[in-house]
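The block underneath contains the structure these notes are about, expressed in structure tokens.
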Amino acid sequence: SSCNNAYSPVADVEKFERHDVAESGEDLTVHMEKLTERYGFLNPDGTWAIEPQYKDASNFRNGIAVVKMWNTAPHWGGINTNNQWVICPRFSNSSAVYNAISSIEKGRAQGVELWATENPLSGTYGYLDHYGEWALFPRWKSAYQFASNGYAVVETMMGLWGAIDKKGEYVI
């Protein structure tokens with residue numbers, strides 16, 4: 001499934017394809033190349049397994065490493081050991097990606113947990129699922145995270161406030 005659609009905040013990069021988790025990656029180590037200040041991943045013998053290309057990165061956990069794209073907007077996502085996107089780079093911070101990884105590890109179905117995220121291209125808010133795909137396309141002026149009751153408070157483009165369910169339907 002594709003990580004790119006009309007609402008993608010990733011305007012300056014090519015189309016991303018979402019792939020499955022590969023190997024565990026426990027033997028790879030995140031490393032910053034001092035010359036470029038970019039992060040990549042080293043094999044145990046000190047050679048590059050994944051060339052330095054990220055603004056920030058973490059070590060692999062259960063086959064996924066959290067990385068930040070090297071561009072002006074905060075695009076965080078998760079890659080597998082083949083340097084393929086498992087979690088599309090649409091999250092605004094690394095902690096949201098870690099929460100998405102936890103959701104994947106728990107085997108939750110898409111749509112169970114959603115994250116309010118701003119689309120920097122349009123300035124509107126929508127909700128991402130744990131793979132970084134738009135579950136609810138950005139169409140709100142402001143949006144809050146879903147509460148434990150399954151509802152989220154949103155502001156319409158006309159400045160009106162209401163509450164939606166996880167299908168994007170207004171309940172208030």
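Which residue out of Glu26, Glu33 is at pLDDT 80 or above, touching a strand residue (DSSP E or B) at 6+ places or on another chain (Cβ under 6 Å) and surrounded by fewer than 17 Cβ atoms within 10 Å (Cβ to Cβ)?
Glu33
In region 36-56, what residues are touching a residue at least 24 places away in the same chain (Cβ under 8 Å) and either polar (S, T, N, Q) or open to solvent by less than 20 Å² (accessible area, probe 1.4 Å) (or both)?
Of everything in region 36-56, those that are touching a residue at least 24 places away in the same chain (Cβ under 8 Å) and either polar (S, T, N, Q) or open to solvent by less than 20 Å² (accessible area, probe 1.4 Å) (or both) turn out to be Phe41, Ile50.
Inspect region 126-140 for any residue being among the small types (Gly, Ala, Ser), over 30 Å from Pro52 (Cβ atoms), in contact with a strand residue (DSSP E or B) (Cβ under 9 Å, 6 or more places away or on another chain) and surrounded by fewer than 21 Cβ atoms within 10 Å (Cβ to Cβ) and give the result as yes or no.
The answer is yes; a qualifying residue exists.
Only residues that are under 15 Å from the mean Cα position of the chain (by Cα) and among the charged types (D, E, K, R): list them for region 56-67, please.
Once the filter is applied, which keeps residues that are under 15 Å from the mean Cα position of the chain (by Cα) and among the charged types (D, E, K, R), region 56-67 yields only Asp56.
For region 38-131, give me every one of the strands (runs of 3 or more DSSP E) that falls completely inside it and has 1 or more residues that are more than 25 Å from Thr156 (Cβ to Cβ).
38-42, 48-54, 65-68, 76-79, 85-91
The values are calculated or read from the model by the stated rules, or taken from the named source; none is laboratory data. What you see is a predicted model; the values in this text were computed from it and never measured. Backbone-built Cβ (ideal geometry, glycine too); neighbour counts: all protein chains shown. Quick note on the areas: whole protein, heavy atoms, side chains included, nothing else; ligands and nucleic acids left out. Shrake-Rupley method; radii C 1.70, N 1.55, O 1.52, S 1.80 Å.
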